[in-house]
């Protein structure tokens, strides 16, 4: 998919056009990057700062003799500079949903050209639309990359072997579906927990909404085919994860109890205390408050 983005943007060029059109296109690009930086300011300062730095380099990266691929590479580097991409599962989920959402921002939508537009105005809009498409598609690509780095679900308790101790998962049962269009992704540390059922559904909804909208905007045939393939692989990956993840529900303890005692009472398995602790902001595992808790149904 990244190669298809490069191919789509390869026709971008500010060479041989008037200075005022060049300046207007660069100003449009700076405005769009500013919208992205503002959206990520409270989510991930790494992405926000990288987009601000890229704003200052536009007059060099977009102008000849720089290659069109230089801008795409700079965008990809900016997206992947996010601190949350190297954080916990919760951080990754937040980044995926934010990157998907930013592609639907009106500031990044394409601008239509009309027969009444002057030649210079039409040329400016065409170049501006290509920059917007590069920003949107690289965001989607990075978000899908992030999905593949999410920790694989653990086995549900009902699927454990008879002689297998509580809390032990069977790696051979984990289904790993790789995206052919995406390689070289980073892995998440073993200390993070797999995303829950609700997170996976939210990710799937957000990414599919972004891809659906982008498919309506894409004019490049190769890019359209590649994003369609990526969407199929993405949904297959998430569906496989959902099949292994337990559904959750809200449940309220009758009294303030330690997590071990609560797990033993609810699941007849004290070893499942982590199912309670990892899904809820509990200050201390020895004192689970009497309030609704998100816990597995089984």
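The values are calculated or read from the model by the stated rules, or taken from the named source; none is laboratory data. This one's a predicted model, so the numbers in the text were calculated from it and none came from an experiment. For neighbour counting, all protein chains shown are included, and Cβ atoms are generated from backbone atoms with ideal geometry for every residue, glycine included.
Do we find that residue 120 is under 16 Å from residue 12 (Cα atoms) and at pLDDT below 90 in this structure?
Taking the combined requirement at face value, the residue satisfies it.
Restricting attention to region 118-132, report how many residues are in contact with a helix residue (DSSP H, G or I) (Cβ under 7 Å, 6 or more places away or on another chain) and either assigned to a loop (DSSP other than H, G, I, E, B) or surrounded by 14 or more Cβ atoms within 10 Å (Cβ to Cβ) (or both).
Total meeting the criteria: 7.
What is the one condition in (1) part of a helix (DSSP H, G or I); (2) modelled with pLDDT under 90; (3) within 22 Å of the chain's Cα centre (by Cα) that residue 147 does not satisfy?
It is condition (2) that residue 147 fails.
Answer yes if at least one residue in region 248-260 is at pLDDT 80 or above, under 27 Å from residue 87 (Cβ atoms) and assigned to a helix (DSSP H, G or I), and no otherwise.
Yes: one or more hits.
When you look at residue 38, is it in contact (Cβ under 8 Å) with a residue 60 or more places away in the chain, assigned by TED's automatic domain parsing to the domain that holds residue 127, surrounded by fewer than 19 Cβ atoms within 10 Å (Cβ to Cβ) and over 20 Å from residue 11 (Cα atoms), yes or no? Reasoning before the result, please.
Details: in contact (Cβ under 8 Å) with a residue 60 or more places away in the chain: no; assigned by TED's automatic domain parsing to the domain that holds residue 127: yes; surrounded by fewer than 19 Cβ atoms within 10 Å (Cβ to Cβ): yes; over 20 Å from residue 11 (Cα atoms): yes.
No; evaluated as a whole, the condition is false for this residue.
Scan region 208-224 for residues that are without any contact (Cβ under 8 Å) to a residue 12 or more places away in the chain and either in a helix (DSSP H, G or I) or on the phi > 0 side of the Ramachandran plot (or both) and jot them down.
212, 216, 221, 224
Okay, residues lined up against (1) over 30 Å from residue 12 (Cα atoms); (2) touching a strand residue (DSSP E or B) at 6+ places or on another chain (Cβ under 9 Å):
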| residue | (1), (2) |
| --- | --- |
| 201 | yes, no |
| 221 | no, no |
| 229 | no, no |
| 236 | yes, no |
| 242 | yes, no |
| 252 | yes, yes |
| 281 | yes, no |
| 292 | yes, yes |
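Which residue is nearest to residue 134 (Cα to Cα), if the candidates are limited to region 231-247 and must be in contact with a helix residue (DSSP H, G or I) (Cβ under 6 Å, 6 or more places away or on another chain) and modelled with pLDDT of 85 or more? So that I can check it myself, show each step before the final result.
First pass over region 231-247, keeping only residues in contact with a helix residue (DSSP H, G or I) (Cβ under 6 Å, 6 or more places away or on another chain): 231, 234, 238, 241-242, 245, 247.
So of that shortlist, the ones also modelled with pLDDT of 85 or more come out as 231, 234, 238, 241-242.
Values: 231: 18, 234: 20, 238: 25, 241: 30, 242: 31 Å.
Looking at the filtered set, the residue picked out is 231.
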